[in-house]
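Below is one structure, written out as structure tokens, with a few remarks after it.
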Amino acid sequence: MRRTFPALAALIISTAVVPAAVPTSASAAPAYNYGEALQKSLFFYEAQQSGKLPSTNRVTWRGDSALNDGKDVGLDLTGGWFDAGDHVKFGLPMAASTTMLAWGAVEYRDAYASSGQLTYLLNNLRFVNDYFVKAHPSPNVLYGQVGSGNPDHAWWGPAEVLPMSRPSYKIDSSCGGSDLAGETAAAMAASSMVFRPTDPTYADKLLTHAKQLYSFADTVRGKYSDCITDAASFYKSWSGYNDELVWGAIWLYRATQDASYLAKAESYYANLGTESQSTTKSYKWTIAWDDKSYGCYALLAKLTGKQQYTDDANRWLDWWTVGVNGQKVNYSPGGQAVLDTWGSLRYAANTAFVALVYSDWLTDATRKARYHDFAVRQINYALGDNPRKSSYVVGFGNNPPRNPHHRTAHGTWTNNLNGEPAQSRHILYGALVGGPKSADDAYTDSRADYTMNEVATDYNAGFTSAVARLYKEYGGSPLANFPVAETPDGPEIYLQAAVNATGQNFTEIKTMVYNHSAWPARALTDGSFRYYFTLDGDTTPSQITLTANYNQCKPPTGPTQFSGKVYYVTIDCSGQTIAPQGQSESRREVQFRIASAGSWDPSNDWSYTGVSTTPSTPVTVQNMTLYSGSTKIWGNAPGAEASPSPSPSISPSPSPSPSPSPSPSPSVSPSPSPSPTPTCPPANGGSPCEPPLSPSPSPSATVYGKACTATYKVTNSWQGGFQADVTVSSSGTTAISGWTVGWSFPNGQTVSQLWSGTVSQSGSNVTVKNLSWNGSLNPGATTSFGFTGNGSGTAPSTLTCTPA
């Protein structure tokens, strides 16, 4: 889930004219292993790949995904990058990330080559640019988004089993988006420069698209989020499109050396934003997915040497370092430059990268050292030079984050970010998390705190390029054995069983088919399983009767002879989609009975071995076989043949019981068991308690005492607007399944965009309801939502919270 904030932005004062040499080696060991950091940061982009994965993808827990993208408009729009921990392909941040990555290679290609990472960079740039080519089917058409933000964010599961439709959104000659088209032109032009030495044909192809896109951007003026309105709640174009017109022209000039593009860039520079009520170019923000002004300052200074651009660049970087007119960015006690609440490390890393590029060009010794040292300090802070002495890069350094806000890395099957397992099943190597919310060095490794633990392609882009530059100066050694393939943490698609009932001439078995797959996640759509038994005495197959007391699959068939007197019953689940999409979606239950008109003794039956005799507690069984089509994927047939790989454990772990966890997923449905559902008296006249997930457990008395509270905090403000966070707490003795928060604005403020909730506003009255993934809260648990608003940051006097 990504959200946007209005940028304020601009640059700084100094003197500098002639390029200066970049340091290429260090006399001492690097503070951190920049080679390893670069290696892992690039690897993160492979974890974000959508569509059919290329042979170059090294992420063993990722699989093909979103293979129908574009079919709604008759195109192939597969590929590209998932934006963050979600699965929308947002075109503007994707293109901005590509430009920043390519820029790092344009400036420091030798660092990529000497570190052995150039091939991986080229693979990632080719993958995303191939998507841009698909998304640009004609000169004045660009698909800028695939997937709808709210439905996507309302579900928490792995990319490989996305359950929702994914609409395609475009800009065209009837409704343009100069920012989106201009940034995509910049991305493809910058990438063409990276491919030029090794694949000039591909470079020419990218440049052709870049030129067409820039012409489209320059001709059909407009903000893309006014046309792709679904993006407005996530990546609204706050800065407008003038910065992308300058930015795109700069990159086309660099790629083509056509002076007309430089002339456009300089002409449009006058339209860049200024500080409030002044003619001074913006400097109190930084380069990010929305506003490229600051990169324009630095690049135009380098390309032209003109004092105006140098002054603007210096002012901006001075504000980030020593201050301008007594004001500068906030610094934490530990030395982090904190621009904004959400993704603070991303902003610091972006600024650090441009500061390095710019300082390499400067000849002013004071500023050269100032900007360089600032950049090194900020990158080192992210790598572990902070009061926590901990890394903010997943899988790197000391005590790194383990639970980033990333659905596929979590690997849950519950459709619940707080659901099983508690710790993410995968290591999202190289992902830079958002970091501290405030200038206080405080951090909590919790995927529920998306402000601190969001990861995204744009978070890593400037960071990757900055690390490449630091590798060039200080060195380091990429890991020789990276990546090491992950091993599944237990059975992925497996069977559990219990004796549901037994008698003199029958046995009734309750079987659960589970799909907790994550290496990679995958759907089982053609499943079936077999239960093996032995005909006793003179009993013949015709004396066997098969029935189903409860069946979420198809009726049992058989008996079918396996060998001699050993027969099996088949339960066909084909046509069912059993997938790690939610508690109920990840399993199917079948209660089938084998009755005999002859003799009957289950004790010698192959599949009876290991089955739980406690109906309420099925256990993982090995002597029943599970198939995908004709391929056995679990269990052993008679003869004790080895279970197929992967199935590393026969223990009931990680899910020995189908009973509900203390915090069930919002998508949990009532038990399908035919047994009566226990009821309980309503609390305070409220609704009856929820039925259990399976026939066995009874509802707990903790259904009583639902309550919640909400607290409101203004986290940022600017002229004409503000940002606020609201924390919702489950304050009663009973878990709540949802919440509604309400307040009245005191001064006519309005909500402009809100994340992690559904908002409605009538006059001054605001109501916010939970989304599916953040409604269920155990007693004492909290969640939060945030929003930006128009007007003053004055907080409402009271908030109400109503639990569900």
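The values are calculated or read from the model by the stated rules, or taken from the named source; none is laboratory data. These numbers come from a predicted model, not from an experiment. So basically every Cβ, Gly included, is an ideal-geometry build from the backbone, and we count neighbours across all protein chains shown. Protein only, heavy atoms only, side chains kept; ligands, DNA and RNA dropped before computing areas. Shrake-Rupley method; radii C 1.70, N 1.55, O 1.52, S 1.80 Å.
Select from the stretch 518-532 the residues that are more than 34 Å from the chain's Cα centre (by Cα) and not basic (Lys, Arg) and write down the one among them that is surrounded by the fewest Cβ atoms within 10 Å (Cβ to Cβ).
If we take residues in the stretch 518-532 being more than 34 Å from the chain's Cα centre (by Cα) and not basic (Lys, Arg), then Tyr532 is surrounded by the fewest Cβ atoms within 10 Å (Cβ to Cβ).
For the subset of the stretch 132-180 comprising residues that are out of contact with any helix residue (DSSP H, G or I) (no Cβ under 8 Å at 6 or more places or on another chain) and assigned to a helix (DSSP H, G or I), which member is surrounded by the fewest Cβ atoms within 10 Å (Cβ to Cβ)?
Among those that are out of contact with any helix residue (DSSP H, G or I) (no Cβ under 8 Å at 6 or more places or on another chain) and assigned to a helix (DSSP H, G or I), it is Pro151.
With the structure loaded, tell me whether Pro555 is touching a strand residue (DSSP E or B) at 6+ places or on another chain (Cβ under 7 Å), free of Cβ contacts under 8 Å to residues at least 40 places away in the same chain and not in a strand (DSSP E or B) or whether it fails that test.
Taking the combined requirement at face value, the residue satisfies it.
Taking the stretch 407-447, which residues are aliphatic (A, V, I, L, M) and within 14 Å of Pro488 (Cα to Cα)?
Ala409, Ile427
Give the residue, chosen from Asn399, Asn403, that is open to solvent by 10 Å² or more (accessible area, probe 1.4 Å), in contact with a Lys or Arg (Cβ under 9 Å, 6 or more places away or on another chain) and on the phi > 0 side of the Ramachandran plot.
When all the criteria are applied, what remains is Asn399.
Regarding Asn460, is this residue among the polar types (S, T, N, Q) and open to solvent by 10 Å² or more (accessible area, probe 1.4 Å)?
No; evaluated as a whole, the condition is false for this residue.
May I ask you to list the residues in the stretch 219-229 that are surrounded by 20 or more Cβ atoms within 10 Å (Cβ to Cβ), in a helix (DSSP H, G or I) and either of a type in the set (D, E, K, R) or touching a Cys at 6+ places or on another chain (Cβ under 7 Å) (or both)?
Matches in the stretch 219-229: none.
Identify the single condition in (1) open to solvent by 40 Å² or more (accessible area, probe 1.4 Å); (2) at pLDDT below 85; (3) not in a strand (DSSP E or B) that Ala795 does not satisfy, given that it satisfies every other one.
Every condition holds for Ala795 apart from (2).
Can you name the residue in the stretch 616-631 that is crowded, with 20+ Cβ neighbours inside 10 Å and under 33 Å from the mean Cα position of the chain (by Cα) and, of all such residues, is farthest from Glu589 (Cα to Cα)?
Top of the filtered list is Tyr627.
Which members of the stretch 274-301 meet the condition of being surrounded by fewer than 20 Cβ atoms within 10 Å (Cβ to Cβ) and touching a strand residue (DSSP E or B) at 6+ places or on another chain (Cβ under 7 Å)?
Thr274, Glu275, Thr280, listed by residue number.
Inside the stretch 302-331, can you point out the residues that are open to solvent by less than 10 Å² (accessible area, probe 1.4 Å) and in a loop (DSSP other than H, G, I, E, B)?
Within the stretch 302-331, Val329 is the sole residue that qualifies.
I'd like to know if the stretch 533-541 contains one or more residues that are part of a strand (DSSP E or B), touching a helix residue (DSSP H, G or I) at 6+ places or on another chain (Cβ under 8 Å) and open to solvent by 60 Å² or more (accessible area, probe 1.4 Å).
no
Is it the case that Thr545 is open to solvent by 40 Å² or more (accessible area, probe 1.4 Å), in contact with a strand residue (DSSP E or B) (Cβ under 8 Å, 6 or more places away or on another chain) and either at positive phi or modelled with pLDDT under 95 (or both)?
Answer is no for this residue.
Working only within the stretch 595-615, note down all residues that are part of a strand (DSSP E or B) and within 40 Å of the chain's Cα centre (by Cα).
Passing the criteria: only Ser612.
Hey, any hits in the stretch 585-594 for a residue that's modelled with pLDDT of 95 or more, outside any strand (DSSP E or B) and under 43 Å from the mean Cα position of the chain (by Cα)?
yes
Just the residues that are among the small types (Gly, Ala, Ser), open to solvent by less than 40 Å² (accessible area, probe 1.4 Å) and modelled with pLDDT of 50 or more, please, taken from the stretch 683-734.
Selection gives Gly705, Ala707, Ala710, Gly721, Ala724, Ser729, Ser730, Gly732.
For Ser762, all conditions in the list (1) farther than 13 Å from Gly738 by Cα; (2) touching a strand residue (DSSP E or B) at 6+ places or on another chain (Cβ under 6 Å) hold save one; what is the number of the exception?
The one condition Ser762 does not meet is (2).
Residues in the stretch 363-372: is at least one buried (at least 24 other Cβ atoms within 10 Å of the Cβ), closer than 30 Å to His87 by Cβ and more than 18 Å from the chain's Cα centre (by Cα)?
no
So is Val357 β-branched (Val, Ile, Thr) and in contact with a helix residue (DSSP H, G or I) (Cβ under 6 Å, 6 or more places away or on another chain) or not?
Yes, satisfied.
Can you give me the number of residues within the stretch 743-766 that are within 23 Å of Trp155 (Cα to Cα) and open to solvent by 50 Å² or more (accessible area, probe 1.4 Å)?
Count: 3.
Of (1) surrounded by fewer than 22 Cβ atoms within 10 Å (Cβ to Cβ); (2) assigned to a helix (DSSP H, G or I), Pro197 satisfies all except one. Which?
Condition not satisfied by Pro197: (2).
Can you tell me which residues in the stretch 577-593 are out of contact with any Asp or Glu (no Cβ under 9 Å at 6 or more places or on another chain) and open to solvent by 10 Å² or more (accessible area, probe 1.4 Å)?
Residues satisfying the conditions are Gln581, Gln583, Ser584, Glu585, Arg587, Arg588.
Restricting attention to the stretch 264-272, does a residue exist that is crowded, with 20+ Cβ neighbours inside 10 Å, at pLDDT 95 or above and part of a loop (DSSP other than H, G, I, E, B)?
Scanning the stretch 264-272, I find at least one residue that is crowded, with 20+ Cβ neighbours inside 10 Å, at pLDDT 95 or above and part of a loop (DSSP other than H, G, I, E, B), so the answer is yes.
Residues of the stretch 71-85 being more than 15 Å from Ile171 (Cβ to Cβ) and surrounded by fewer than 24 Cβ atoms within 10 Å (Cβ to Cβ), which ones?
Selection gives Lys71, Asp72, Gly74, Asp76, Thr78.
Quick test of your reading of the structure: Val513 fulfils all but one of (1) assigned to a loop (DSSP other than H, G, I, E, B); (2) under 26 Å from Thr609 (Cβ atoms). Name the failing condition by number.
It fails just one condition, (1).
What residue, of Asn515, Asn500, is within 19 Å of Ser586 (Cβ to Cβ), buried (at least 16 other Cβ atoms within 10 Å of the Cβ), touching a Pro at 6+ places or on another chain (Cβ under 8 Å) and not acidic (Asp, Glu)?
Result of the check over Asn515, Asn500: Asn515.
In the stretch 422-438, how many are in contact (Cβ under 8 Å) with a residue 12 or more places away in the chain and surrounded by fewer than 18 Cβ atoms within 10 Å (Cβ to Cβ)?
2
Give me a count of the residues in the stretch 463-495 that are over 30 Å from Cys573 (Cα atoms) and open to solvent by 10 Å² or more (accessible area, probe 1.4 Å).
Summing the residues that are over 30 Å from Cys573 (Cα atoms) and open to solvent by 10 Å² or more (accessible area, probe 1.4 Å) in the stretch 463-495 gives 15.
Kindly indicate whether any position in the stretch 131-149 is modelled with pLDDT of 95 or more and closer than 21 Å to Leu42 by Cα.
yes
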